[in-house]
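Okay, structure first, notes after.
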Amino acid sequence: MSHPVIRFIGDSHSAYFEEVAHFGGRLSLSEPLPFRITGDAVSGASVAGFRPQASKLNVREKIASITEGRLILAFGQVDLELGYYYRLAIKKEQIAPESYVDWLTGIYRDFVAGIDPARVDLALKGVNLTVLTPKTFAARYVSRIIHDAQAMRRAHAQELVAPLILSEADQNRMHLAFNARLADLAAQIGCRYFDVVDQTRDPDAPGDVPRLADAHRTAKFDHHLADTVAVRRIHYLAAGRAFGLI
């Protein structure tokens with residue numbers, strides 16, 4: 001008997017859903033997963049790229065090719081952690097986090113309206129808590145991504161970006177606001193929603209804004225979660241629960 005299949009398409013932060021050879025036995029689950037996950041984690045993919053002629057990554061085409069079955073869409077992190085600062089630093093726009101979240105959600109809403117709910121069992125995954133902290137690290141990372149290193153000295157680029165960087169708490173507030181709007185969108189169109197914020201947050205962190213647990217932070221110069229057994233397990237189980245398969 002073959003297992004049910006869940007497809008996913010997302011940005012690079014969705015790579016934790018990917019199947020890894022010989023990895024299943026390391027999850028320490030009491031029983032094997034009763035489903036398979038397969039799909040595409042597209043580096044650089046964004047919600048902003050859903051707009052017509054806004055991206056050359058063919059993400060829209062990949063999603064459109066899936067006309068039935070279970071599907072997870074996992075986008076938004078690239079927009080919130082990089083796209084937002086690109087608009088501030090490069091395009092010189094004055095846009096508040098709340099307005100940016102509303103703009104992203106509107107694009108998402110228009111895009112998923114084209115997915116047939118009678119044929120595709122759709123789940124929207126919210127974004128993760130940020131790993132971009134402290135501000136000095138965040139400014140260094142963001143500046144290297146959004147600026148052309150050949151056209152601008154890195155130190156100067158970092159100086160331009162640094163005053164724009166949100167605190168870890170404010171960055172996470174923007175992520176949570178996006179997730180809340182995505183959950184509302186899912187409820188309105190009758191699809192599923194899930195995220196892994198509760199499973200990855202630091203339960204002992206002070207304040208009223210969740211903070212990513214250190215165990216899930218990467219030691220690399222990067223803005224992704226650490227690729228660990230724990231993070232993979234969290235993603236696999238969250239996907240299964242979203243579709244009622246476990």
Taking the Cα-to-Cβ direction at K56 and at S43 and moving 7 Å from each Cα, how far apart do the two end points lie in nm? 1.6
May I ask for the Rg/Rh ratio of segment 1-140, computed from Cα atoms with Rh as the Kirkwood radius, given to two decimals? 1.02
Summing -39500 (n - 2.57) over the DSSP H runs of n ≥ 4 in the chain and dividing by its residue number, what mean residue ellipticity at 222 nm do you reach, to the nearest 500 deg cm²/dmol? -11000 deg cm²/dmol
Could you give the longest part of the chain that holds none of the trypsin sites (Lys or Arg not before Pro) found in DSSP loops with at most 13 neighbouring Cβ atoms within 10 Å? 154-219
Simple spin-label estimate for L245/K91, 7 Å along Cα→Cβ, in nm, reads 3.6
Using heavy-atom solvent-accessible surface (probe 1.4 Å) with all chains present, what is the largest-first order of S46, S65? S65, S46
May I ask you to evaluate 6.51 cos²θ - 1.76 cosθ + 1.60, the Karplus curve with θ = phi - 60°, for each residue of segment 177-194 and list the ³J(HN,Hα) values in order in whole Hz, giving x for glycine and proline? 5, 4, 4, 4, 5, 5, 5, 4, 4, 4, 5, 5, 9, x, 10, 8, 9, 7
So with the 1.4 Å probe, I'd like the accessible area per residue for the chain, rounded to whole Å². 50
Grab the beta carbon distance between I189 and H3, set R0 = 25 Å, and tell me the FRET efficiency rounded to 0.05. 0.35
Can you give me the solvent accessible area of E98 with a 1.4 Å probe, rounded to the nearest 10 Å²? 110
Carbon/sulfur fraction of accessible area - the chain, other protein chains in place, 1.4 Å, %: 50
Among the DSSP beta bridges whose two residues both lie in the chain, what percent are antiparallel, rounded to the nearest 5? 10
I'm spelling it out carefully: the read-out is Cα extents along the principal axes in Å, the candidates are (1) 58, 43, 31; (2) 59, 39, 36; (3) 59, 33, 33, and one was derived from this structure. Which label? (2)
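The values are calculated or read from the model by the stated rules, or taken from the named source; none is laboratory data. Keep in mind that what you see is a predicted model, and the values were worked out from it rather than measured. Cβ sites come from the backbone with ideal geometry, for glycine too, and all protein chains shown count toward neighbours. Please note that ligands, DNA and RNA were not included when accessible areas were found on the heavy atoms of the full protein model with its side chains. Shrake-Rupley method; radii C 1.70, N 1.55, O 1.52, S 1.80 Å.
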